[in-house]
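The values are calculated or read from the model by the stated rules, or taken from the named source; none is laboratory data. The structure displayed is predicted, hence computed values, not measured ones. FYI the Cβ positions are ideal-geometry reconstructions off the backbone, even for glycines, and counts take in every protein chain you see.
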Amino acid sequence: MEILIASGIGVVTAAGIYLTLRARTFPVILGLTLLSYAVNLFLVSTGRLAINAPPIVHEGTKAYTDPLPQALVLTAIVIGFAMTAFVLVLALKARRELGSDHVDGRE
Amino acid sequence: MKLLLIVLLPLAGIVLPPVLVRAGRTASAWAAATPTALALVLLAGMAPTVFEGGVVEASWPWMPALGLNLAFFLDGFGLLFAGLILGIGLLIILYARYYLSEDDPMGRFYAMLLAFMGAMLGIVLSDNILLLVVFWELTSISSFLLIGYWRHRADARQGARMALAVTGAGGLCLLAAAILLGHVVGSYQLQAILAAGDTITASPLYLPILGLVLLGAFTKSAQVPFHFWLPHAMAAPTPVSAYLHSATMVKAGVFLIARLYPALSGTEEWFVLVTVIGLATMVFGAYGALFKDDLKGLLAYSTISHLGLITLLFGLNTQAGVIAGVFHIINHATFKASLFMSAGIIDHETGTRDIRKLGGLRHYMPVTMWLAAIAAASMAGVPLFNGFLSKEMFFTEVVVESERLGGIGWLLPVFATIGGLLSAAYSLRFVHDVFFGDETGALPRHPHEPPRYMRVPVEILILICVVVGVVPSLAISTVLATAAGGVLLQAPEPFSLALWHGFNVPLVMSVLALAGAVALYYQRDAAERWHERTFPAFTGKGCFESVLAGAIAASRRLTAWLDDGSVQRNVVLVIGTAVVMAAAGGITGGLDAGSRALTPAPLPAVAVWLMGVIATVVVALRHHDRFLALVATGVVGLLSALTFIYISAPDLALTQLSVEVVSTVLLLLALNVLPKETPHESSPGRRWRDGVLAVAGGGGIAALAYAAMTRPLDSISRYFLETSVPGGGGHNVVNVILVDFRGFDTFGEITVLGIAALCVYALIRDEAHTMASADTEARHPRMLLIGSRVMLPLLAVVTVYVFLRGHNQPGGGFIAGLIAAVAMVTQYMASGVHWTEQRLTGNYFPMIGAGLLTAGFTGLASWLFDVPFLTSTFSHVNWPVVGDFEIASAVAFDLGVFLTVVGSVVLMLSQFGKQQPPVEGR
């Protein structure tokens, strides 16, 4: 499982980096979205993998996964959405003002 | 405590003058004088202890881990300086009341003057060398503000900038020196450093320390070659110049040399560096002063010269030299302050400071003439005035020293005499050209005596000059012995201050200097011609400006080279740097897998992984088709939600799922306005470069993630798991962390969310159009329309359920907020903006605001119970149907989170939805 998750994070990161380096705003935004998936998964995985051990306290249960990275990532997901929306609005505005969706603002 | 008050009173008093200036200019002056006078009274109260040989100390820890303490001490030398700063400061405040014109903002002036005064007091009273550096920089900043007080004048701004650059650079050197000193001595306490002179001079770091300290001191005290900022600093109002030149700023430089004398002196290096620079400065300054036509310019160069003299005296490594140096500090402060004030009076009453335009003023301002003449005589070293005494001591010392040195030692008295001669010559010029000679008729105003109280400060200082000059042993020897004792760390051997020491070499030097000065003055036209022939116009200012311009040009070139305007290139640089740095760290630090047992991977997990990889590759390779890429990105997001479920993160899965919905809708709405396809325009070379970088980055992250997951974990989370139920009243630890343990973070995050929503609104509201009533139901698919309207109440119930269970089961404000947002967005999509906003609401600002206020006030309510911000409390309530239910104050906080999330998300989405696609062909 560790191998799957690590390699999955790697693949998503690589695609994210590649798209972030594109010349048009929309692929760059998709790239940032992919990067935030990878980062979120990475952060959760630093709490180590645990199957069937959600951090919800029950009497008699001893094993829980690490709740702290989850709490951090939960807000990160929401903030990530806000960031996507903000970058998107910049892209929209830039396209409207400059007549181009190139990241440099000119073809 | 009183010691701290002396420093704090002027600093705290800053607020008074700008407020009280509304009650009049005199009130403002009183507001500045009161804290100063109070501090002076406090200081006087401690003086007896110090005169008896005691040291007053006070210390509070500030940043003990750094060795920085709020520590002050008052010894003889500190007492002298603090007295000068406060005493002359008081006179300056009185003088400035009459000097500043109606148009000058007086409150601001006094506020900055008090700040400067407080900073200076901090320097002279600090018992911690780091604290001293802090105050040192404060004087640089406050003097910058004072020099640039007339900010509409270009010369004032330039002068201020130059002073800040030069003394600020010196301050950085001093900081480095302070750190090295602390390293060598093992303490940043100044008294400990002073007592460790032998350790310091024997240390291999002695030379760097000495060089850095002297750089700090020489830049501040305007020694050659750093002197050039001082003449330009006279663009300041004259009261500031008088203060800067007499008791503060430049004196801080000589103060530092004297203060660190026990720690650094006694070596050959000290002697050579300090004496040579002092001598050069003395002669250079005096020579420069002779040819200045501006009264304040003449005085500025004379200050440079006299500071050189003081520096030289400390460089001699002798006790008598120290006594003479301290004495000259006092004398120079008195006569230079009164000379500047006289120059200010002349400027104020005649409208000019140009010596060529002035003349014959003795008829109009006889009292001022007498005052200026006495001060100038003191500066020239004429007997019966205080300057004569310290100059005699200076001559005596250089003669003694030259005998000790042998060889070229005779140069010392020769240059000393030349310096004295030049000093006397420009003093003569100051008095004779202004008050005697013929009237030039070129004065802008009809001259007359100044207001009564403008002259009082000068009169007080002149009185000191004369009393010290006539009966020195009675007037000053106790003060001098105490102050010199502070420098030397021991009571100095008895010395005699007397007017008459018999016929000796120093007397001959004095006579030579005074007679030569008169001769030179009467040949001044010839001297001036010679000067102009010999020295072409070369100024330190020009040098400074060209260095500055060069530095600016160089940084422009560097910036242009790093950033050529291409965003792609910049991103490559940033990511490339990150990859290289991480690789270096991975190679040196090791990225080996740990010993933790691997978790088994069932077949469904492999299938999910495979789907994820395929979707990701599709996004990367087929991104030119934007719809396809968007759908594939959504797939990756959904699969990551699945992964969260599998690895025991149900809250994250729920959040990811709902965010996935809203962000896909968002991106779809954006595609309505943006082009649907990305052109194929990258060259193969660039694609390869980006591909290699991407694979390197992804590989690195994968290796890092694998290493992290396989190593054993020692987490602080045990605390959260254990205290979640007893402390936070919730079983869902993730939610308890969000709304309770780390509630402050969450509060910050929902604030960011609200701000982002407002930014989105602000940026595109102009282009938003509510579709008119033509936007009818007919345009929307009937199935979706009916389905969504049926779903709405259901979703509302789900929202409430998810919200309420959040504290104990997966759910909570964030997730409930997202689900509610999805429900509302569905209405927008199914029924259109018009229909939805008519029935729900189109105004989401109150919701965001209410959410933030609810969360904030829940936090503040904790204060009512005298516990920190956002401390939660809870109790159990038995609800009829639901059963036992915990009600925690955190629920109110979570409600705030919920409202903010709903408001922000729907506001953003509705704004995107209102964008009109661009008219084709534009």
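In segment A:92-107, what residues are outside any loop (DSSP other than H, G, I, E, B), under 24 Å from the mean Cα position of the chain (by Cα) and at the interface with another protein chain (Cβ under 7 Å from one of its Cβ atoms)? Answer for segment A:92-107, where residues must be outside any loop (DSSP other than H, G, I, E, B), under 24 Å from the mean Cα position of the chain (by Cα) and at the interface with another protein chain (Cβ under 7 Å from one of its Cβ atoms): A:LEU92, A:LYS93.
I'd like to know if segment B:758-768 contains one or more residues that are within 21 Å of A:LEU68 (Cα to Cα), surrounded by fewer than 22 Cβ atoms within 10 Å (Cβ to Cβ) and at the interface with chain A (Cβ under 9 Å from one of its Cβ atoms). If you could, list the steps in order and put the result at the bottom.
Keep residues of segment B:758-768 that are within 21 Å of A:LEU68 (Cα to Cα), which gives none.
There is no residue in segment B:758-768 that is within 21 Å of A:LEU68 (Cα to Cα), surrounded by fewer than 22 Cβ atoms within 10 Å (Cβ to Cβ) and at the interface with chain A (Cβ under 9 Å from one of its Cβ atoms).
Quick grid of which residues meet (1) more than 7 Å from chain B (Cβ to nearest Cβ); (2) touching a strand residue (DSSP E or B) at 6+ places or on another chain (Cβ under 8 Å); (3) closer than 22 Å to B:MET709 by Cβ; (4) part of a loop (DSSP other than H, G, I, E, B):
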{"site": "A:GLY10", "(1), (2), (3), (4)": "no, no, yes, no"}
{"site": "A:TYR18", "(1), (2), (3), (4)": "no, no, no, no"}
{"site": "A:PHE26", "(1), (2), (3), (4)": "no, no, no, no"}
{"site": "A:THR33", "(1), (2), (3), (4)": "no, no, no, no"}
{"site": "A:PHE42", "(1), (2), (3), (4)": "no, no, yes, no"}
{"site": "A:GLU59", "(1), (2), (3), (4)": "yes, no, no, yes"}
{"site": "A:ALA63", "(1), (2), (3), (4)": "yes, no, yes, yes"}
{"site": "A:PRO69", "(1), (2), (3), (4)": "yes, no, yes, no"}
{"site": "A:THR75", "(1), (2), (3), (4)": "no, no, no, no"}
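Go through the residues of segment B:699-710 one by one and say whether even a single one is more than 26 Å from B:VAL608 (Cα to Cα), at the interface with chain A (Cβ under 7 Å from one of its Cβ atoms) and either of a type in the set (Gly, Ala, Ser) or surrounded by 15 or more Cβ atoms within 10 Å (Cβ to Cβ) (or both). Looking through segment B:699-710, none of the residues is more than 26 Å from B:VAL608 (Cα to Cα), at the interface with chain A (Cβ under 7 Å from one of its Cβ atoms) and either of a type in the set (Gly, Ala, Ser) or surrounded by 15 or more Cβ atoms within 10 Å (Cβ to Cβ) (or both). Restricting attention to segment B:654-688 and to residues that are free of Cβ contacts under 8 Å to residues at least 40 places away in the same chain and of a type in the set (A, V, I, L, M), the residue that is surrounded by the most Cβ atoms within 10 Å (Cβ to Cβ) turns out to be B:LEU667. Name the residues in segment B:732-757 that are in contact (Cβ under 8 Å) with a residue 40 or more places away in the chain, in contact with a helix residue (DSSP H, G or I) (Cβ under 6 Å, 6 or more places away or on another chain) and at the interface with chain A (Cβ under 8 Å from one of its Cβ atoms), would you? Within segment B:732-757, B:VAL734, B:LEU738, B:THR746, B:LEU753, B:ALA756, B:ALA757 meet the criteria.
Scanning segment B:505-544 for residues that are free of Cβ contacts under 8 Å to residues at least 24 places away in the same chain, within 47 Å of the chain's Cα centre (by Cα) and not in a helix (DSSP H, G or I) turns up B:PHE535, B:PRO536, B:ALA537, B:PHE538.
Considering only segment B:685-698, state which residues are of a type outside the set (Gly, Ala, Ser) and more than 7 Å from chain A (Cβ to nearest Cβ). Outline the logic, then answer.
Narrowing segment B:685-698 to residues of a type outside the set (Gly, Ala, Ser): B:686-690, B:692-693, B:695.
Once the filter is applied, which keeps residues that are of a type outside the set (Gly, Ala, Ser) and more than 7 Å from chain A (Cβ to nearest Cβ), segment B:685-698 yields B:ARG686, B:ARG687, B:TRP688, B:ARG689, B:VAL692.
For segment B:416-504, please list each of the helices (runs of 4 or more DSSP H) lying entirely inside it that holds at least 1 residues being crowded, with 21+ Cβ neighbours inside 10 Å and of a type in the set (A, V, I, L, M, F, W, C). I'd like the intermediate steps shown before the answer.
Working: elements: B:452-470, B:472-475, B:477-488.
Qualifying helices (runs of 4 or more DSSP H): B:452-470, B:477-488.
Residues are listed down the side, and each one gets a yes or a no for (1) touching a helix residue (DSSP H, G or I) at 6+ places or on another chain (Cβ under 7 Å); (2) of a type in the set (Val, Ile, Thr); (3) modelled with pLDDT under 90:
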residue: B:VAL272; (1), (2), (3): no, yes, no
residue: B:LEU295; (1), (2), (3): yes, no, no
residue: B:ALA300; (1), (2), (3): yes, no, no
residue: B:ILE304; (1), (2), (3): yes, yes, no
residue: B:ILE310; (1), (2), (3): yes, yes, no
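Out of the residues in segment A:44-57 meeting the condition of being in a loop (DSSP other than H, G, I, E, B) and in contact with a Pro (Cβ under 8 Å, 6 or more places away or on another chain), tell me which one is farthest from the other protein chains (Cβ to nearest Cβ). I'd like the intermediate steps shown before the answer.
To start, the set of residues in segment A:44-57 that are in a loop (DSSP other than H, G, I, E, B) comprises A:46-55, A:57.
Within this subset, residues satisfying the condition of being in contact with a Pro (Cβ under 8 Å, 6 or more places away or on another chain) are A:46-47, A:54-55.
On the way: A:THR46: 5, A:GLY47: 7, A:PRO54: 5, A:PRO55: 4 Å.
Going through the qualifying residues, I end up with A:GLY47.
Please work out if B:LEU194 is assigned to a helix (DSSP H, G or I), modelled with pLDDT of 95 or more and either farther than 30 Å from B:VAL283 by Cβ or touching an Asp or Glu at 6+ places or on another chain (Cβ under 9 Å) (or both). It is false that B:LEU194 is assigned to a helix (DSSP H, G or I), modelled with pLDDT of 95 or more and either farther than 30 Å from B:VAL283 by Cβ or touching an Asp or Glu at 6+ places or on another chain (Cβ under 9 Å) (or both).
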